[in-house]
Amino acid sequence: MESGRDDIISLMLDKFGRTISYLRVSVTDRCDFRCTYCMAEDMEFLPKADLLTLEELETLCVAFIRQGVRKLRLTGGEPLMRRDVMWLIERLGTRIGHGLEELTLTTNGSQLTKYAAGLAAAGVKRINVSLDTLDEQKFATITRWGRLPQVLAGLEAAQAAGLKVKINTVALKGINEDEFDRLIAWCGAQNFDLCLIETMPMGEVTHRAENHLPLASVRARLAEHWTLTSTDYATGGPARYVTVRETGQRLGFITPLSHNFCEACNRVRLTCTGRLYMCLGQEDSADLRAPLRAGADDAALAAAIHDAIAAKPKGHDFVITRPATFRHMSVTGG
Ligand code: SAM
Ligand code: SF4
């Protein structure tokens, strides 16, 4: 690794004065699940020829680290379904302590028995695992193709590897809303944090609006059974956290529709084709693959990144009854 240069801290500021220090990278739009709120059953995926190679993804990630990205999250699609993804993770792991402070990923957990130890060895300390229910049948219905025991085995492997786990649960009206107490207790017993997420209107899927569950009412209901203490813990992200006194674990609420989180947004998202989205809920984007493939040097790549950041929109305007974007969450990377 060429050291030295990466320790030069640069700052990326958008026109609203927000510092961008967090990059999420969707390394693939493909997935071994078909969660109903995320994907259509007959999804069309990007042609493989359009994808950046792992080497190109590394080059772009390093360019972002040089420009001030301190936290990098790999996501997808299912990031662990990308062939040879551990190569990229190991390469990025060498950047920790050289500009990069944290490398992490969001996964559906299906491949963790295979990869948890390797992730820990590469320097990953914390991961987010998406799990909407502890009921095997319901899990199969929500994910269409997923199997709960495989994910639970993955979680065990993550714990054995020493990875700190946060569970992400999408709150679905009439589907898993009766399970939040159970999930809180289970996460407490497993030493996992938990984050409840409102569905967001990204891409066409059926029944999204009718399954949307505003979390304000959920929080009020949970407060009848649990002692929820406000905390100033913040990840620079959209989640608002409380501590559950009975379990000692954190409980987060991501409420993009009922509470707008854009003022403090510190992140941008890179897709597996090299397109940079400045906002999850807007179409504004910049193509970084073209300059990369045209042989842009470090300075030209940095300039392309800064130009894109300068155009970051003020925020999203999600309305649950219509998709805010044509692309699904799996393309932009949740
Ligand atoms: N496959 C990985 C996973 O499921 O964790 C990573 C990608 S997935 C798109 C990232 C997160 O986005 C997951 O927690 C998933 O539940 C969430 N998600 C997907 N579609 C969503 C939507 N329309 N609204 C809210 N969250 C969504
Ligand atoms: Fe796949 Fe994650 Fe989307 Fe589910 S939420 S379909 S696991 S990308």
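The values are calculated or read from the model by the stated rules, or taken from the named source; none is laboratory data. Remember, predicted model here, so these are calculated numbers, not experimental data. Don't worry about glycine lacking a Cβ; one is built from the backbone with ideal geometry, like all the others, and counts go over all protein chains shown. These area figures cover heavy atoms from the full protein model, side chains too; ligands, DNA and RNA do not enter into them. Shrake-Rupley method; radii C 1.70, N 1.55, O 1.52, S 1.80 Å.
So which residues in the range 149-180 are farther than 29 Å from Gly123 by Cβ, over 20 Å from the mean Cα position of the chain (by Cα) and open to solvent by less than 60 Å² (accessible area, probe 1.4 Å), if there are any at all?
Listed by number, the residues that qualify are Ile175, Asn176, Glu177, Glu179, Phe180.
Give just the number: which of (1) surrounded by fewer than 19 Cβ atoms within 10 Å (Cβ to Cβ); (2) touching a residue at least 24 places away in the same chain (Cβ under 8 Å) does Asp297 not satisfy?
(2)
Right, Met43: within 15 Å of ligand 1 (Cβ to nearest atom) and either more than 16 Å from the chain's Cα centre (by Cα) or among the acidic types (Asp, Glu) (or both) or not? I'd like the intermediate steps shown before the answer.
Details: within 15 Å of ligand 1 (Cβ to nearest atom): yes; either more than 16 Å from the chain's Cα centre (by Cα) or among the acidic types (Asp, Glu) (or both): yes.
For Met43, the condition - within 15 Å of ligand 1 (Cβ to nearest atom) and either more than 16 Å from the chain's Cα centre (by Cα) or among the acidic types (Asp, Glu) (or both) - is met.
Out of everything in the range 73-92 that is hydrophobic (A, V, I, L, M, F, W, C) and open to solvent by 10 Å² or more (accessible area, probe 1.4 Å), what residue ends up being farthest from ligand 2 (Cβ to nearest atom)? Break it down stepwise before answering.
Narrowing the range 73-92 to residues hydrophobic (A, V, I, L, M, F, W, C): 74, 80-81, 85-89, 92.
Subset that is open to solvent by 10 Å² or more (accessible area, probe 1.4 Å): 81, 86-87.
Numbers: Met81: 9, Met86: 19, Trp87: 21 Å.
Step by step, filter the range 73-92, then rank; the result is Trp87.
Could you pull out the residue among Arg95, Arg144 that is open to solvent by less than 30 Å² (accessible area, probe 1.4 Å) and basic (Lys, Arg)? Talk me through it step by step, then tell me what you get.
Working: Arg144 fails: open to solvent by less than 30 Å² (accessible area, probe 1.4 Å).
Result: Arg95 is the single residue among Arg95, Arg144 that is open to solvent by less than 30 Å² (accessible area, probe 1.4 Å) and basic (Lys, Arg).
Go through the range 270-279 and count every residue that is open to solvent by less than 20 Å² (accessible area, probe 1.4 Å) and farther than 15 Å from Gly17 by Cβ.
Looking only at that region, the number is 6.
Would you confirm, using the coordinates I've provided, whether Asp298 is at pLDDT 75 or above and charged (D, E, K, R)?
Yes: the conditions hold for Asp298.
Looking at this structure, is Gly17 among the small types (Gly, Ala, Ser), within 16 Å of ligand 1 (Cβ to nearest atom) and closer than 26 Å to Ala234 by Cβ?
No: the conditions fail for Gly17.
Filter the range 201-216 down to the residues that are within 16 Å of ligand 2 (Cβ to nearest atom) and modelled with pLDDT under 85, then identify the one that is most open to solvent (accessible area, probe 1.4 Å).
This residue is Glu204.
Kindly list the number of the only condition in (1) within 16 Å of ligand 2 (Cβ to nearest atom); (2) in contact with a strand residue (DSSP E or B) (Cβ under 8 Å, 6 or more places away or on another chain); (3) in a loop (DSSP other than H, G, I, E, B) that fails for Gly123.
(1)
Test Cys35 against the criterion of being in contact (Cβ under 8 Å) with a residue 24 or more places away in the chain and within 16 Å of ligand 2 (Cβ to nearest atom), and give yes or no.
Spelling it out, Cys35 is indeed in contact (Cβ under 8 Å) with a residue 24 or more places away in the chain and within 16 Å of ligand 2 (Cβ to nearest atom).
Among the residues of the range 169-190, are any in contact with a helix residue (DSSP H, G or I) (Cβ under 9 Å, 6 or more places away or on another chain) and farther than 28 Å from Leu222 by Cα?
No; the residues of the range 169-190 include none that is in contact with a helix residue (DSSP H, G or I) (Cβ under 9 Å, 6 or more places away or on another chain) and farther than 28 Å from Leu222 by Cα.
Go through (1) of a type outside the set (Val, Ile, Thr); (2) modelled with pLDDT under 95; (3) touching a strand residue (DSSP E or B) at 6+ places or on another chain (Cβ under 8 Å); (4) under 26 Å from Phe192 (Cα atoms) for Arg327 and report which single condition fails.
Arg327 satisfies every listed condition except (4).
Mind checking which pairs have a first residue in the range 264-283 that is under 14 Å from Ala308 (Cα atoms) and a second that is aromatic (Phe, Trp, Tyr) and in a loop (DSSP other than H, G, I, E, B), Cβ under 7 Å, 6 or more apart or different chains?
Sorted first by the residue in the range 264-283, then by its partner, the list stays empty.
Quick one: Phe64 ticks every box in (1) within 16 Å of ligand 2 (Cβ to nearest atom); (2) over 24 Å from Leu194 (Cβ atoms); (3) open to solvent by less than 40 Å² (accessible area, probe 1.4 Å) bar one, so which box is it?
So Phe64 meets the others, but not (1).
Could you grab me the full set of residues in the range 23-35 that are buried (at least 22 other Cβ atoms within 10 Å of the Cβ) and more than 9 Å from ligand 1 (Cβ to nearest atom)?
Leu23, Arg24, Val25, Val27, Thr28, Asp29, listed by residue number.
Go through the residues of the range 159-168 one by one and say whether even a single one is under 26 Å from Phe45 (Cα atoms), within 16 Å of ligand 2 (Cβ to nearest atom), assigned to a loop (DSSP other than H, G, I, E, B) and not β-branched (Val, Ile, Thr). Can you show your working first?
Let us first name the residues in the range 159-168 that are under 26 Å from Phe45 (Cα atoms), namely 168.
Okay, now just the ones that are also within 16 Å of ligand 2 (Cβ to nearest atom), so 168.
Those left that are additionally assigned to a loop (DSSP other than H, G, I, E, B): none.
Looking for residues that are under 26 Å from Phe45 (Cα atoms), within 16 Å of ligand 2 (Cβ to nearest atom), assigned to a loop (DSSP other than H, G, I, E, B) and not β-branched (Val, Ile, Thr), one finds none in the range 159-168, hence no.
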